[in-house]
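First up is the structure itself, then whatever we jot down about it.
Please treat every number below as a calculation from the coordinates, not as lab data. Computed from a predicted model, the values in this text were never measured in an experiment. Neighbour counts are summed over all protein chains in view; Cβ atoms, including those assigned to glycine, are modelled from backbone coordinates with ideal geometry.
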Amino acid sequence: MSVESRRGRRKTGPSIEDVARLAGVSAQTVSRVSTGADSVRPATRARVVAAMDQLGYAPNRAARALRNGSFGTLGLLAHRFERTGEALTMKAVVEAAKAENHSVTLLDVDDPRADGWEHAAQRLSHQAIDGLVIIRAEQATPDSLALPAGLPIAVSDSRLVGYYPCVVADQVQGSEAAVRHLLALGHRTVHHLAGPADSDPAALRAATWQRCLEEVGIRPPQLWRGDWSAASGYSMGRQIADDPAVTAIFCANDEMAFGVMRALAERGRRVPEDVSVVGFDGIELSEFATPPLTTVRQDFHRIGRELVRLVMLQLQSQAAVSRDRVVLPTELVVRGTTAPPPA
């Protein structure tokens with residue numbers, strides 16, 4: 001082939017320089033956007049992504065993946081990784097992915113509103129990942145999170161359940177066990193401190209609490225609502241402690257239960273002699289509370305492992321797996337915070 005013919009050959013697709021020129025940024029900035037780096041301003045990232053879409057640009061790592069068959073990386077998307085359930089599930093996902101020779105790229109949604117999920121979807125469309133795990137994307141919907149077509153996905157405890165293969169803990173089984181345990185001890189009713197109104201797991205736990213009371217002819221009392229934090233449990237607990245009729249509380253998670261127990265103690269109400277408390281999650285600290293917390297344990301580690309298994313199954317079969325739920329059992333762990341009501 002002559003030098004002239006080589007020089008005259010045109011490139012088969014847009015380059016990183018083409019994207020940089022259209023977006024008005026440097027090629028290095030385009031590279032950072034392609035790899036999901038957090039050091040790029042949102043407005044700049046949006047311009048680069050728009051330029052990529054307009055030009056049909058595929059990052060170099062994507063081209064290498066087409067040749068090699070895999071990026072060797074899974075994406076993990078959630079809002080607020082610092083929350084206990086998310087942190088425990090994340091740890092299990094990372095461990096399970098490592099066992100499959102994959103690393104994990106964390107994609108945190110800072111703003112849980114619709115535009116925050118739309119931004120996450122834009123970032124995902126240019127991420128070098130083989131598959132995606134989504135945990136507790138409570139406000140995301142299929143419309144607000146338009147995911148890349150053909151990407152292997154598994155979800156847990158979000159409004160995307162039913163649209164993608166999913167893994168969930170049996171919220172109904174655990175909530176029934178908690179409420180029925182308190183009623184069996186002789187409490188005339190059970191009060192409930194629920195999680196946020198926009199949380200599907202919180203809604204399931206609250207609905208099950210209400211149904212269990214109604215089934216035995218008890219009118220459900222006022223529902224209190226927190227935000228999953230111990231601080232919100234403490235705040236609501238100060239109100240709960242002022243009601244002498246309260247003898248049993250089912251809290252939607254362990255951390256709120258810890259806050260309630262402190263508020264009760266400050267008001268001179270003893271646990272469990274005056275008020276019984278049940279949590280949900282079964283986190284490690286529940287065993288070391290004073291007294292040790294009765295709780296519903298869900299297996300976050302198994303949830304994480306199952307999520308990775310579903311993604312890998314799609315990768316290996318190169319086909320979508322069933323959208324049916326993988327439902328994992330929960331377990332009531334009875335400890336020192338529950339007892340019969342005071343005489």
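Observations on the structure shown:
- Distant-in-sequence amide contacts of Val296, defined by a placed amide H-H separation under 5 Å and a gap of 5 or more residues or a different chain, comprise Gly279, Phe280, Asp281, Gly282, Val333.
- Where labels lie 7 Å past Cα in the beta-carbon direction, separation of Arg225 and Arg180 in nm: 2.8 nm
- Global form of the range 194-343, assessed from the alpha-carbon gyration tensor, a/c cut-off 1.5: prolate
- Ranked Val40, Val246, criterion: other C-beta atoms within 10 Å, fewest first: Val40, Val246
- Each of Val168, Val278, Val216, Val308 was scored by other Cβ atoms within 10 Å of its Cβ. Listed from fewest to most, they are Val216, Val168, Val308, Val278.
- When Thr247, Thr295 are arranged by Cβ crowding within 10 Å, least crowded first, meaning fewest neighbours, the order is Thr247, Thr295.
- For Arg225, the residues whose amide H sits under 5 Å from its own are Ala194, ignoring neighbours fewer than 5 places away on the same chain, with H placed 1.01 Å from N.
- Student exercise, the range 217-343 dipole from Lys, Arg, Asp, Glu Cβ charges, in Debye to nearest 20: 240 debye
- From phi via Karplus (6.51, -1.76, 1.60), per-residue ³J(HN,Hα) for the range 172-182 in Hz, x at Gly/Pro: 5, 4, x, 5, 4, 4, 5, 5, 5, 4, 5
- Near Arg262: Cβ cut-off under 14 Å, other residues only, Lys/Arg at +1 and Asp/Glu at -1. The net charge is +1.
- P(r) weight above 15 Å for the range 250-298, C-alpha pairs, percent: 33 percent
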